[in-house]
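The structure under discussion appears below in the form of structure tokens.
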Ligand SMILES: [Mn+2]
């Protein structure tokens, strides 16, 4: 697959690297790290994300300002990073080849070439392995992007798929010039006051079910308005529910628009979140998954999830 991917890259001139809706550090960092490296082999590289506003916490990543939300008129190759399915990108399928690089076990293999490693803690690890295989240049700027993606997507080296390989890659990226302390501070210690206010509302909405094994929190569009927070400020709030000692499943519902709700799930001690998410048309990993629903269906869905948890 690496060989096929390199062939695809080398015969293409105009390459668009695409990241997923509601982007996280892994999709943005993998996209920029890959692009920075591909520019050293004289490729024209465009960065695409469908969102009008990107999370500001990634603004220190090299080439961040080059990410555009309009798709170029012409390209011969689209490289998708960290997108489990084609609709996560938000563009219509046109006349281009697709290289699909990811680590989601639910990936739908929508590429002409798919490089999926579901044992890796981040997509940036897959990108890193590909760059090393192809012997493309890995500058400190490239390493910074890939490391930021790895650190954050692995929960700072505490999630499920963290193992010796994760630390090996992290260590190599540090040798290529990534600065772990600086990157961690820039990613985690620059919250806005609006985000902390949103956390306050999140915590006050908390309901505990099933002897406090299930935690449910909910934010409406109005809560975002009241606090001045952006949708992207709600990223990782679901983790707070899971941090409660008794909680094994944290459910976080937040309103997107037009009475549509995004439901994020996190678990510890064995509940399979992706099984629940897939059932409702979403996707993800065992301990982390999500899906979108209509407001009118929410109560039924929560009841159903609680029944599943009983089982
Ligand atoms: Mn990822």
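Okay, here's what the table says:
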{"quantity": "Helix-derived mean residue ellipticity, 222 nm - over the chain, DSSP H n ≥ 4, -39500 (n - 2.57), to 500", "calculated": "-11000 deg cm²/dmol"}
{"quantity": "Theoretical FRET efficiency, 1/(1+(r/R0)^6), r = Cβ-Cβ of residue 91 and residue 185, R0 35 Å, to 0.05", "calculated": "0.55"}
{"quantity": "Packing-based exposure ordering (other Cβ within 10 Å, fewest first) of 106, 27, 40, 123", "calculated": "40, 106, 27, 123"}
{"quantity": "Fully extended contour minus Cα-Cα distance, from residue 21 to residue 135, at 0.36 nm per residue", "calculated": "38.0 nm"}
{"quantity": "The range 236-284 versus the range 91-117: alpha-carbon centroid distance in Å", "calculated": "25 Å"}
{"quantity": "Antiparallel content of DSSP bridges confined to the chain, in %, to 5", "calculated": "40 percent"}
{"quantity": "Nitroxide proxy distance, nm - points 7 Å out along Cα→Cβ at residue 52 and residue 269", "calculated": "4.4 nm"}
{"quantity": "Relative contact order (percent, whole number), the range 193-310, Cα cutoff 8 Å, 6+ residue spacing", "calculated": "18 percent"}
{"quantity": "Three-way shape label, the range 2-188, alpha-carbon gyration tensor, a/c 1.5", "calculated": "rounded"}
{"quantity": "Cα gyration tensor shape for the range 62-150, rounded if a/c is under 1.5, else prolate or oblate", "calculated": "oblate"}
{"quantity": "Estimated inter-spin distance, residue 171 and residue 109, nm [label 7 Å along Cα→Cβ]", "calculated": "3.4 nm"}
{"quantity": "Sequence-separation-based contact order of the chain, relative, with Cα cut under 8 Å and 6+ spacing, percent", "calculated": "13 percent"}
{"quantity": "The range 1-158, relative contact order in percent, only Cα pairs under 8 angstrom and at least six apart counted", "calculated": "29 percent"}
{"quantity": "Nearest 10 degrees, 0 to 90: helix 164-175 Cα axis against the chain principal axis", "calculated": "50 degrees"}
{"quantity": "Exposure proxy ranking, count of Cβ atoms within 10 Å, fewest first, for 77, 186", "calculated": "186, 77"}
{"quantity": "Footprinting exposure proxy for 167, 110 (fewest neighbouring C-beta atoms within 10 Å first)", "calculated": "167, 110"}
{"quantity": "C-alpha long axis of helix 25-39 to longest principal axis of the chain, angle in °", "calculated": "10 degrees"}
{"quantity": "Tilt relative to the chain, helix 140-153 - C-alpha long axis, 0 to 90 degrees, to 10", "calculated": "20 degrees"}
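None of the figures in this text is laboratory data; all of them are computed from the coordinates on show. For clarity, every value in this text was computed on a predicted model and none was experimentally measured. Methodologically, a virtual Cβ is constructed for each residue, glycine included, from the backbone with ideal geometry; neighbour enumeration extends over all protein chains shown.
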